[in-house]
Amino acid sequence: MAYTLPKLLFIALFTMQGSAIPYLAIFYDQALHLSSDQIGVLLAIAPFIQSVACPVWTMVADKWPRWHGALMAILALVGGSAIVSMSLLPTVLQDREQLTMPFTCILALMYAFFGSPLMALVDSAVLKILDTHKILYGEQRLWGSVSNGLSILAVGLLITATGDNLNVAFYVFAAGTFIFIILSLVAKVEPSVAYSNDEHLEGDTRPLLKNIISANYVTPHEQPADGEDDDVQSSIITQGLDHIVGRRDSRISFANTVFSDDHRHTLALHRTATSVARDVHLEASEMMESLDHIPSLGLALSHIPSMETSLAFLMPHGPEEDIVVPSKSILKSARVMTFLLCMLIFGVAFSMINQFLFLFLHNDLGIQSSILGWTGPVGGVTEVLTFWVSKQLFDRFGVTALMVSAHVITIIRSLLYTLLQPDSPMTSAFALALQTLNGVAFATIWSTAVSEVDTFFPPEQRAIAQGTLAALHMGAGFGIGCVLGGIIYGEWGAHALYQAAAALTGVSLLTFLAGRIQRSS
């Protein structure tokens, strides 16, 4: 199996994220006996802190690239220890309940700052390990998605099998953390070697592929016959690229090659030096533009940047960065402002629905943990499949239709939760069916948002623009949603929570449509 280490890194990381983390709300409620508003505050810590931690630790990794693997191991050790320590709080703080919230906050802060940025660092490490085969990133990440779903399922089954012993979630988390630390220490993460051969860049040097800023690789160059014009030369290059794209097992990256024509009209393809962590998404996009069929699943996943990786570029860094801060004139435009505000509000509503979902299903509807575990693979499968065809959906239906669809699906899902009856035989089945809508809505709105933001900004501004999008949606949106959701859940109950989430999703949709209407007027 090619590139075993990247796959194992993702498997171990997603084992951590799919074990204790999804069940923390239930642990806070049952083991620590915290109120809903306290739980909301604890759940909000990670999104808020992650918006700062991801850029900070990515900058550290870029400054000392040879310590990348060791840095991941240290962060996993500190962050993982914080989560594992939570399982000891019921025993350590017995008869001292007043200390429960302060100590839990400290541990949650430790995990948020040291543990939550691991996804961005692993993304960067895997891309560096893949080196000239960065286009295979999606194939490696897919193993993590499978691991996440199976981990949530396995922990749910184990909790039920052990008589609702929530500590088994922390045991699985500790095992995943230990394996991840070992893998990080043995990983050789070298700086990506991106260069351009100055000797061959004489004369006219211009981009071969449109708007691409990525580190890519040499393809065999053709020597045109005397008298061949530019159209023939372009045909030669196009045929060569078609050959690359047409091969399903191709391992060659080509997205940011440059076309060099010296005084003897000799053609050559060279790669240029750019940001390692961004090029794979642009490269995959260019390859998918050349396809006339649905891409491979790995290529489709390479095309969509994760929110954690987007957060890492909220601040420009690196000596070779050509990132430019988005201009104020663009940010102040009604179209951009309404879209970003829409994503912020949707993030709030989406967080309210999902962060308290296990608590609602378990406490209010009486669904066993073994059934809760199935939400992992069910939601994961629909999310991955939606990402797989997201490019085709975008090309066929456009931004407006997809954004409206994601909002409507979320509203319907949220309202249907209020119709479920406790302890009903069909409740578990309906809850799992509704979880499929979660994967569809998230994948649709994130992939569409990424593509839409790219249309707002020129190429050199897109990295920070994507970071801003992720910070608003995942950071501020998810954080506010946790706090607001905890207050509503505690004061007025689960039905009020999901009705409020549906109403906020409607506000998000109206905000988006207002921007589209103003643009067309």
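The values are calculated or read from the model by the stated rules, or taken from the named source; none is laboratory data. Quantities reported herein were computed from a predicted structural model and do not represent experimental measurements. Cβ: placed from backbone, ideal geometry, glycine included. Neighbour counts: every protein chain shown.
Quick notes
- Residue in region 282-299 that is modelled with pLDDT of 85 or more and either in contact with a strand residue (DSSP E or B) (Cβ under 9 Å, 6 or more places away or on another chain) or buried (at least 24 other Cβ atoms within 10 Å of the Cβ) (or both) present: yes
- Residue satisfying all of: in region 74-120; in a loop (DSSP other than H, G, I, E, B) and in contact (Cβ under 8 Å) with a residue 40 or more places away in the chain; surrounded by the most Cβ atoms within 10 Å (Cβ to Cβ) among these: Pro117
- Single unsatisfied condition, Gln421 versus (1) out of contact with any Cys (no Cβ under 9 Å at 6 or more places or on another chain); (2) in a helix (DSSP H, G or I): (2)
- Restricting Thr386, Thr400, Thr382 to residues that are more than 18 Å from the chain's Cα centre (by Cα), over 20 Å from Leu43 (Cβ atoms), of a type in the set (Ser, Thr, Tyr) and in the same structural domain as Leu142 (by TED's automatic domain parsing) narrows the list to Thr400.
- Cβ separations smaller than 7 Å between residues 6+ apart or across chains give the following pairs from region 45-62 residues that are in contact (Cβ under 8 Å) with a residue 12 or more places away in the chain to residues that are charged (D, E, K, R) and in a helix (DSSP H, G or I): Cys54/Glu308.
- When Glu139 is tested against (1) within 24 Å of Leu297 (Cβ to Cβ); (2) modelled with pLDDT under 90, exactly one condition is not met: (2).
- Contact map, region 473-500: residues that are in contact (Cβ under 8 Å) with a residue 24 or more places away in the chain paired with residues that are not in a helix (DSSP H, G or I), Cβ distance under 6 Å, separation 6+ or inter-chain. Pairs shown: Gly485/Phe356; Tyr489/Phe356; Gly490/Ser35; His495/Thr418; Tyr498/Thr418.
- Check on Leu136, of a type in the set (A, V, I, L, M, F, W, C), surrounded by 24 or more Cβ atoms within 10 Å (Cβ to Cβ), in the same structural domain as Trp64 (by TED's automatic domain parsing) and in contact (Cβ under 8 Å) with a residue 24 or more places away in the chain: no
- Flag for Gly467 being under 17 Å from Phe339 (Cα atoms) and without any contact (Cβ under 8 Å) to a residue 12 or more places away in the chain: no
- Ile464 falls short of the stated requirement of being of a type outside the set (Gly, Ala, Ser) and either in contact with a Leu (Cβ under 6 Å, 6 or more places away or on another chain) or modelled with pLDDT of 95 or more (or both).
- Selection count, region 362-397, where residues are in a helix (DSSP H, G or I) and closer than 21 Å to Ser306 by Cα: 20
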